[in-house]
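Take a look at the structure below.
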């Protein structure tokens, strides 16, 4: 009763490459196509972070947007203008697909918000492709 | 821990004409219900179609679905049949069904349900930028 969803948008730009070392060149190309090209490529990502809650009776806020921004920015600084495979520690054993990136960002933002429950992350890789993650309960 | 479940959404477009008219009603009744949309020669829209699939992230590829698999299914089962067609005349789905946004969303679902083998989660049809129809199969 009285729950409101608040969503804030963030932008970051990163490069990545889809490639499994234990697979042959042909297998990688078959699975990943252009995304397997050796030197990688990049995207302008857009991340929408949604939180649900009952507005605080004193402030009228579900969460102070300054706090939300600070928490998310402190995570995204590790991804913005970085090569996801080479400059972050999260993709040594998994491919930096939009799917996997969404789940990594969920864990980090959840921690950064000190347990404030996230409702949804929506991560756009391009204007016409996005992934949504609702946490493990989905 | 089991693999995370994510939703992936991909946006497509097609352009088609239609008219809203049913033979079960008189011309006057059709005009009364459907207004200018009952104009006998039809009219057209640039439709936006967003297809959402839901599933576990594949451990090896990091994909919930390979994008070319999704693209191929939507192209072969929907876009090839709908794009640049007069829906009432050229598409069998609407021989006895008024091609409203509601019905198109449900017909797209019907066309994709099998090819996407249990992973189809939502169909969003934008008829114009003001009119949106969503169907989740129930």
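The values are calculated or read from the model by the stated rules, or taken from the named source; none is laboratory data. Keep in mind that this is a model prediction, so the values were computed, not measured. Positions of Cβ are backbone-derived with ideal geometry, glycine not excepted, and every protein chain shown enters the neighbour counts.
The table below lists the values:
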{"item": "Verdict on residue A:71 being in contact (Cβ under 8 Å) with a residue 12 or more places away in the chain, in a strand (DSSP E or B) and either within 22 Å of the chain's Cα centre (by Cα) or under 30 Å from residue A:2 (Cβ atoms) (or both)", "result": "no"}
{"item": "Boolean, residue B:73 is within 26 Å of residue A:19 (Cα to Cα) and within 13 Å of the chain's Cα centre (by Cα)", "result": "yes"}
{"item": "Residues (in a loop (DSSP other than H, G, I, E, B), out of contact with any helix residue (DSSP H, G or I) (no Cβ under 7 Å at 6 or more places or on another chain) and within 9 Å of chain B (Cβ to nearest Cβ)) located in segment A:85-136", "result": "A:95, A:97, A:127, A:128, A:134, A:136"}
{"item": "Residue A:43 vs. criteria at pLDDT below 95 and either surrounded by 15 or more Cβ atoms within 10 Å (Cβ to Cβ) or in a loop (DSSP other than H, G, I, E, B) (or both)", "result": "no"}
{"item": "Selection from segment A:21-40 of residues that are within 14 Å of chain B (Cβ to nearest Cβ) and surrounded by fewer than 17 Cβ atoms within 10 Å (Cβ to Cβ)", "result": "A:21, A:22, A:23, A:24, A:27, A:29, A:30, A:33, A:34"}
{"item": "Residue match in segment A:60-79 (condition: within 14 Å of chain B (Cβ to nearest Cβ), under 14 Å from residue A:10 (Cα atoms) and surrounded by fewer than 18 Cβ atoms within 10 Å (Cβ to Cβ))", "result": "no"}
{"item": "Where a residue in segment B:43-56 is closer than 12 Å to residue B:132 by Cα and at the interface with chain A (Cβ under 9 Å from one of its Cβ atoms) and its partner, wherever it lies, is outside any strand (DSSP E or B) and modelled with pLDDT under 95, with Cβ under 7 Å and at least six apart", "result": "none"}
{"item": "Any chance residue B:17 is in contact (Cβ under 8 Å) with a residue 60 or more places away in the chain, facing chain A (nearest Cβ under 9 Å) and either surrounded by 18 or more Cβ atoms within 10 Å (Cβ to Cβ) or over 30 Å from residue A:106 (Cα atoms) (or both)", "result": "no"}
{"item": "Scope segment A:120-129; condition in contact (Cβ under 8 Å) with a residue 60 or more places away in the chain and buried (at least 16 other Cβ atoms within 10 Å of the Cβ); matching residues", "result": "A:120, A:121, A:122, A:123, A:124, A:125"}
{"item": "Criterion (closer than 16 Å to residue A:18 by Cα and either surrounded by 13 or more Cβ atoms within 10 Å (Cβ to Cβ) or modelled with pLDDT under 95 (or both)) met by exactly one of A:48, A:99, A:132", "result": "A:99"}
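Yes/no per residue for (1) out of contact with any strand residue (DSSP E or B) (no Cβ under 6 Å at 6 or more places or on another chain); (2) within 25 Å of residue A:130 (Cα to Cα):
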residue	(1), (2)
B:48	no, yes
B:55	yes, yes
B:66	yes, yes
B:79	no, yes
B:86	no, no
B:97	yes, no
